Amino acid sequence: MHKRVTKAIFPVAGLGTRFLPATKSVPKEIMTLVDRPLIQYAIDEARAAGIEDFIFVTSRGKSALEDYFDHAPDLEASLKASGKHELLEILQNTNMDSGTIAYLRQHKPLGLGHAVSCARKLIGNEPFAVILPDDVIAAEKPCLQQMVEAYEETGGAMVATMEVAPDKISSYGVLDVESQDSAVMKVNAMVEKPAKGKAPSNLAVIGRYILNPNVLCNFDHLGRGAGGEYQLTDAIAHEITAGRNVYGYRFEGQRFDCGSKAGFLQATVAFALARDDLRDELSDYLAQLHATRHAAQ
Ligand code: G1P
């Protein structure tokens with residue numbers, strides 16, 4: 001029986017430069033897919049997986065995130081008074097209980113590995129999840145929940161993975177696995193952002209992890225990796241070198257790369273089409289657009 005995973009780290013310190021000028025004053029994680037901020041999807045997924053403690057690694061200029069998770073008593077009272085119960089429920093769902101949420105600052109942009117290791121003291125001696133909010137995953141059973149269930153069998157360290165196109169693989173952490181026959185795959189080696197033509201497979205690491213405190217200790221021995229940053233991939237790979245098990249988990253679901261503009265737009269359309277209140281109007285519009293473009297060609 002492995003210890004239950006109840007803590008999750010959300011690295012949200014990135015500058016979001018790909019979304020300038022919007023991110024000049026709005027943290028990328030507050031940008032909305034339809035009407036919900038990106039971070040809300042990550043929180044909902046974590047809650048569904050049984051996470052009770054939420055640790056945000058932030059940076060300067062991210063205070064809007066803290067406000068977002070605060071309670072809004074005036075707004076709640078006004079919605080209640082005007083009988084807008086549905087909206088009230090939506091609003092109350094974003095509230096976090098006092099004491100369940102912690103904010104840490106990463107003072108220098110030294111990479112994802114460094115950001116995660118900033119939470120070392122809060123993690124203590126327990127397994128924990130890491131969720132990268134840029135990777136939004138639409139799935140019948142939320143991705144982290146799938147992983148927690150798999151982890152109950154395997155223990156060790158686990159990363160979400162999916163196949164990506166060969167021309168994109170160098171943007172990811174990449175797995176070298178023993179066999180690709182099942183959803184849970186034993187990892188032999190992993191490499192962060194391999195040079196073109198040097199990737200050991202087309203299995204990319206996607207931003208969901210279940211890790212143990214050993215991974216954080218590995219940063220004591222690790223130098224900077226790809227891009228001159230401290231890489232989480234390197235710290236996980238160190239587990240394998242130390243003789244401990246690392247697994248790749250091929251999740252069920254559709255992943256959107258909301259760190260890119262095209263991915264963000266695709267997610268916006270997909271999530272809107274999944275909504276009863278928007279589906280008909282949006283699909284009519286898309287059909288019209290398609291027809292007009294077709295006629296113009
Ligand atoms: C990070 C990780 C990388 C992973 C990717 C998934 O990279 O370092 O291993 O494959 O997230 O989105 P980044 O996108 O921050 O460059």
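Sort 223-233, 135-145 by the packing proxy (mean of other Cβ within 10 Å over each peptide's residues), most packed first.
135-145, 223-233
Counting helices only, and only those DSSP H runs with n ≥ 4, report the 222 nm mean residue ellipticity of the chain as the sum of -39,500 (n - 2.57) divided by its residues, in deg cm²/dmol to the nearest 500.
-10000 deg cm²/dmol
Placing +1 at every Lys and Arg Cβ and -1 at every Asp and Glu Cβ, with all other atoms neutral, what dipole size does region 1-100 have around its Cα centre, in debye to the nearest 20?
480
Evaluate the Debye formula for region 118-185 with equal point scatterers sitting on the alpha carbons, no solvent, and hand back log10 of I(q)/I(0) at q = 0.11, 0.18, 0.19, 0.28 Å⁻¹, in q order, two decimals.
For the requested q values the scattering log ratios are -0.35, -0.94, -1.03, -1.43.
Specify, per residue and in Å³, the volume enclosed by the convex hull of the alpha carbon atoms belonging to region 1-95.
Cα convex hull per residue, to the nearest whole number: 129 Å³.
Over region 12-125, what is the mean sequence separation of C-alpha contacts under 8 Å (at least six apart), divided by residue count, expressed as relative contact order in percent?
Reported as a whole number, the value is 31 percent.
What does the charge count around A64 come to, taking other residues whose C-beta lies under 11 Å from its C-beta (Lys +1, Arg +1, Asp -1, Glu -1)?
With Lys, Arg at +1 and Asp, Glu at -1, the net is -2.
Determine the percent antiparallel among the DSSP beta bridges restricted to the chain, to the nearest 5.
In the chain, DSSP labels about 60 percent of beta bridges as antiparallel.
If the only charges are +1 at each Lys and Arg Cβ and -1 at each Asp and Glu Cβ, what is the size of the charge dipole of the chain around the Cα centre, to the nearest 20 debye? Mind showing how you got there, number by number?
Values: 31 positive and 38 negative charges, 228 e Å.
Once rounded to the nearest 20, the dipole reads 1100 debye.
Looking at region 1-122, send over the antiparallel percent of its DSSP beta bridges, to the nearest 5.
Antiparallel bridges make up about 15 percent of those DSSP assigns within region 1-122.
Using amide H atoms built in the peptide plane, which far-off residues or other-chain residues are under 5 Å from V177 H to H?
The list, which skips near neighbours in sequence, is N188.
Peptides 174-181, 5-12, 287-294, 187-194: what's the order by average Cβ count within 10 Å, highest mean first?
5-12, 187-194, 174-181, 287-294
State, to one decimal in nm², a quarter of the convex hull surface area for the C-alpha atoms of region 142-297, i.e. the direction-averaged projected area.
Mean orientational projected area (region 142-297, Cα hull): 12.4 nm².
If you place +1 on the Cβ of every Lys and Arg, -1 on the Cβ of every Asp and Glu, and leave all else neutral, what size is the dipole of region 192-297 about its Cα centre, to the nearest 20 Debye?
Around 440 debye, computed over region 192-297.
Given an 8 Å cut-off on Cα distances and at least 6 residues of separation, report the relative contact order of the chain as a percent.
Relative contact order here is 21 percent.
With the Cα gyration tensor of the chain in hand, convert its eigenvalues to equivalent ellipsoid semi-axes via √(5λ) and list them largest first in whole Å. Please report the intermediate quantities before stating the final value.
On the way: eigenvalues 203, 129, 72 Å².
Computed over the chain, the values are 32, 25, 19 Å.
By what distance, in whole Å, do the Cα atoms of region 232-297 stretch along each of the three principal axes, largest value first?
Principal axes ranked by extent give 60, 30, 16 Å for the Cα atoms.
With Cβ to Cβ distances under 11 Å as the rule, what net charge do the other residues near M96 carry (K, R +1; D, E -1)? Could you put the intermediate results ahead of the total?
On the way: positive: R47; negative: E52, D53, E66, D70, D97.
With Lys, Arg at +1 and Asp, Glu at -1, the neighbours total -4.
Counting only other residues whose beta carbon sits under 13 Å from that of G225, what net charge do I get with K and R as +1, D and E as -1?
Computed value for this residue: -1.
Order of 271-278, 27-34 by packing, highest average Cβ count within 10 Å first?
Numbers: 271-278: 12.6, 27-34: 20.1.
The densest-packed peptide leads the list: 27-34, 271-278.
No value in this document is a laboratory result; all are computed from the given coordinates. Treat the numbers as computed from the prediction; the structure is a model and nothing was measured. As a convention, Cβ positions derive from the backbone with ideal geometry for all residues, glycine included, and neighbour counts pool all protein chains shown.
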